[in-house]
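The values are calculated or read from the model by the stated rules, or taken from the named source; none is laboratory data. Note that the structure is predicted; figures quoted are calculated from it, not measured. With ideal geometry, Cβ positions are generated from the backbone for all residues, glycine too; neighbour counts draw on all protein chains shown. With ligands, DNA and RNA removed, areas are computed over all heavy atoms of the protein, side chains included. Shrake-Rupley method; radii C 1.70, N 1.55, O 1.52, S 1.80 Å.
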Amino acid sequence: MAPPTSPRADVAPTAAPSFEDDAAGLGRGRAAAFVAPALVLVAVFLVFPALWTLYLGTTDYRLTGIAASEPRFVGTDNYRTVLGDGDFHRSLWLTLQFVLGSAVIGQTVLGFSIAWVMRDRSGLVRRLVEGLVLLAWILPSSVIAFLWIALLDRDGGTLNAMLGTPGTAWLLDHPMACVVVFNVWRGTAFSMMLCGAALGNVPPSHLETARLAGASTWQTLRDAVFPRIRGHLLTSLLLVSLWTFNDFTPFLITAGGPDGRSEIMSVYVYRTALGDGRLGFGAAISLLMILINLVIALVYLRALRDRGRARTADAGMAEGAAA
């Protein structure tokens, strides 16, 4: 039997393809072809509108008239006018009330409460409650708005008939309260589903230990549940807050009235840009809304990062104690 031959020194070994460089084995050309349609959609529907809005915010562009065909560059005049506009201040304040009452307090608290109460219920009861909550979320906004107008109508409204208060104009007397309750009822399903999934990650042994120790419900939530699902709650708060801040659906039931008492920022932009025809001014407001959204997102992301650091420090201390 011939002895095995050694590899020639002048022949370089063939480098094996790196899994990290091309995990799917497509090659750069085919991978780029797969990604290209998504990049085109992002460019057309996100990048271009953002750049166009930034440009419009520096002009006096209008929907009609001479400024529609020959807009003038005005620099930062629109932004200075917006920041000094009383209507902008009012809409910003109403929007913050809307986000705090609807997203932070309403949807997140109610969604978690439903998920907590339903976690140990039988399959039929749980599916029934979750189905009813989801139904409000998946129905078209126009249908939901019609139902709420019928519920809150002054003359033949269902709520007045139930309470025995004929003639009460809920949408005129309490427009922001109606808008907040309407949005809580409509959007609680997302927080409920996310919190329900998060509660599934809480070890049952932790809850059983808290029960045997005689802990109250609040003590159980504070010491055993919230530390485990804090990241899920912050994620829910981030997404729900951003969605609520930019929500336009309340326009369908109050149109921003009466007298602007429910004119949140999305409705204010609509009235300014399309109602008054001042597209340049409306674009400046839209850009300010984007900046406010970024601030909200950064606050939540900072909280998530601090949580990650705390968990890393706790893990390090645990390893040190074990050693």
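Please say if the chain is rounded, prolate or oblate, where rounded means a/c under 1.5 for a ≥ b ≥ c the square roots of the C-alpha gyration tensor eigenvalues, and otherwise the choice is prolate for a/b larger than b/c and oblate otherwise?
oblate
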Q | Max mean-square fluctuation residue, GNM over the chain, Cα-Cα springs under 10 Å, options 264, 285, 296 | A | 296
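Taking all protein chains in place and a 1.4 Å probe, what share, in percent, of the accessible surface of the chain do carbon and sulfur account for?
Details: 13180 of 19640 Å².
That share works out to 67 percent.
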Q: Could you work out which residue, out of 70, 263, 130, moves most in a Gaussian network model of the chain, that is, has the largest mean-square fluctuation with Cα springs under 10 Å?
A: 70
Q. When ranked by the protection proxy of mean other Cβ atoms within 10 Å per residue, highest first, what sequence do the peptides 195-206, 42-53 form?
A. 195-206, 42-53
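Give me the extension gain from residue 128 to residue 52: residue separation times 0.36 nm, minus the current Cα-Cα distance, reported in nm with one decimal. Can you show the working numbers first?
Working: separation 76, 0.36 × 76 = 27.36 nm, distance 4.63 nm.
Going from the current span to full extension adds 22.7 nm.
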Q: Springs between alpha-carbon atoms under 10 Å, Gaussian network over the chain: tell me which of 64, 272, 95 tops the mean-square fluctuations.
A: 64
Q) How big is the charge dipole of the chain about its Cα centre, in debye rounded to the nearest 20, if each Lys and Arg gets +1 on its Cβ and each Asp and Glu gets -1 on its Cβ? A) 520 debye
Q) For the chain, what is the accessible area per residue in Å², given a 1.4 Å probe and the full set of protein chains? A) 61 Å²
Q) DSSP loop trypsin sites (Lys or Arg not before Pro) in the stretch 41-81 with at most 14 other Cβ atoms within 10 Å of their Cβ, which ones? A) 72
Q) For the stretch 93-121 and the stretch 165-202, what is the separation of their Cα centres, given in Å? A) 7 Å
Q: Place +1 on the Cβ of every Lys and Arg and -1 on the Cβ of every Asp and Glu in the chain, take the dipole about the Cα centre, and give the residue among 190, 67, 35 whose Cα lies farthest towards its positive end.
A: 190
Q: Starting from the Cα-Cα distance between residue 64 and residue 206, subtract it from 0.36 nm times their residue separation and give me the gain in nm to one decimal.
A: 44.6 nm
Q. What is the distance, in nm, between label points placed 7 Å from the Cα along the Cα-to-Cβ direction at residue 217 and at residue 136?
A. 1.9 nm
Q. If a helix is a whole DSSP H run, which ones in the chain reach 24 Å or further along their own axis (Cα) and hold a mean Kyte-Doolittle hydropathy of at least 1.6?
A. none
